[in-house]
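Visitor: Sending over a structure as structure tokens; questions will come in a sec.
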Amino acid sequence: MERWVIYAFISMLFAGFTAVVAKQGLVGISAELGLTLRTLFVCVFIIVFGLMTIAPTEVKSLQQSNYLWLSLSAATTAGSWIFYYKALKMGDVATVALIDKGSVVVSVVLAWWLFKEVITLRMVIGAILIVTGIIVISKKL
């Protein structure tokens, strides 16, 4: 198995835990306060990680386009987290987490449109299953 696949599965596991522990962390406080506190912790963890792993010479390779695209990524992450925490505070973890994973479908379409990545039949079937799962889980029967 390729290393990036292993990293993706590890990311999946952390993301799964994130929703559950965040929901518990929101007990008795607002979604906004919980998100703010969580983001401060993430910031500290990432800065320590960066200090441990990034060679100082690598910082010199940053270009204006890196700053532009990564700042846009930060803005979209912030938007995602703001609404994720609002939803998590009010809704069921499983439903909120699954709807959030609909972002996979958005990512596939944007990667096809912007980067000309190939969309295979396997990916189309997977996207349809994700959307179907979102509809099934989010419906109140």
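Visitor: Restricting to Cα pairs below 8 Å that are 6+ residues apart, what does the relative contact order work out to for the chain? Please round to a whole percent.
Guide: 28
Visitor: Give me Rg over Rh for the range 3-91, both radii from the alpha carbons and Rh done the Kirkwood way, two decimal places.
Guide: 1.03
Visitor: Next question. If R0 is 22 Å, what FRET efficiency do you get for Ala74 and Phe14 from their C-beta distance, rounded to 0.05?
Guide: Values: r = 19 Å, r/R0 = 0.87.
In this case the efficiency is close to 0.70.
Visitor: Compute the longest continuous run of the chain that contains no exposed trypsin sites (Lys or Arg not before Pro); treat a site as exposed when its DSSP state is not H, G, I, E or B and it has at most 15 other Cβ atoms within 10 Å.
Guide: On the way: sites that count: Lys60, Lys101, Lys116, Lys139, Lys140.
Answer - 1-59.
Visitor: Taking the alpha-carbon centroid of each part, what is the distance from the range 6-73 to the range 86-120 in angstrom?
Guide: Comparing the Cα centres of the range 6-73 and the range 86-120, I get a distance of 18 Å.
Visitor: Which residues in the range 34-49 place their backbone N less than 14 Å from a point set 7 Å from the Cα of Leu62 along the Cα-to-Cβ direction?
Guide: Correct set: 47.
Visitor: Would you list Thr36, Thr57, Thr95 from fewest to most Cβ contacts within 10 Å? If you can, show how the numbers build up before the last one.
Guide: Details: Thr36 12, Thr57 7, Thr95 16.
With the fewest neighbours first, Thr36, Thr57, Thr95 line up as Thr57, Thr36, Thr95.
Visitor: On a straight-distance basis, which lysines could pair with Lys116 in a cross-link, Cα separation under 20 angstrom, same-chain partners fewer than 8 positions away excluded?
Guide: Within reach: none.
Visitor: With helices defined as uninterrupted DSSP H runs, which ones in the chain have an alpha carbon span along their own long axis of at least 20 Å and mean Kyte-Doolittle hydropathy of at least 0.0?
Guide: Values: long enough: 3-25 (32 Å, 1.15); 31-53 (32 Å, 1.93); 64-90 (40 Å, 0.23); 121-138 (25 Å, 2.45).
Those that clear 20 Å and a mean of 0.0 are 3-25, 31-53, 64-90, 121-138.
Visitor: May I pose another question? Straight-line reach only, C-alpha to C-alpha below 18 angstrom: list the lysines that Lys23 could link to, leaving out same-chain residues fewer than 8 apart.
Guide: Answer for Lys23, where 18 Å is the Cα cut-off: Lys86, Lys89, Lys101, listed by chain and number.
Visitor: How far apart, in nm, are two points set 7 Å out from the Cα along the Cα-to-Cβ line at Glu117 and at Thr53?
Guide: Going by the 7 Å Cα→Cβ label model, 1.9 nm.
Only the coordinates and a few stated rules stand behind these numbers; no lab work does. Given the structure is predicted, the values throughout are model-derived calculations rather than measurements. Note: ideal-geometry Cβ built from the backbone for every residue, glycine included; neighbour counts use all protein chains shown.
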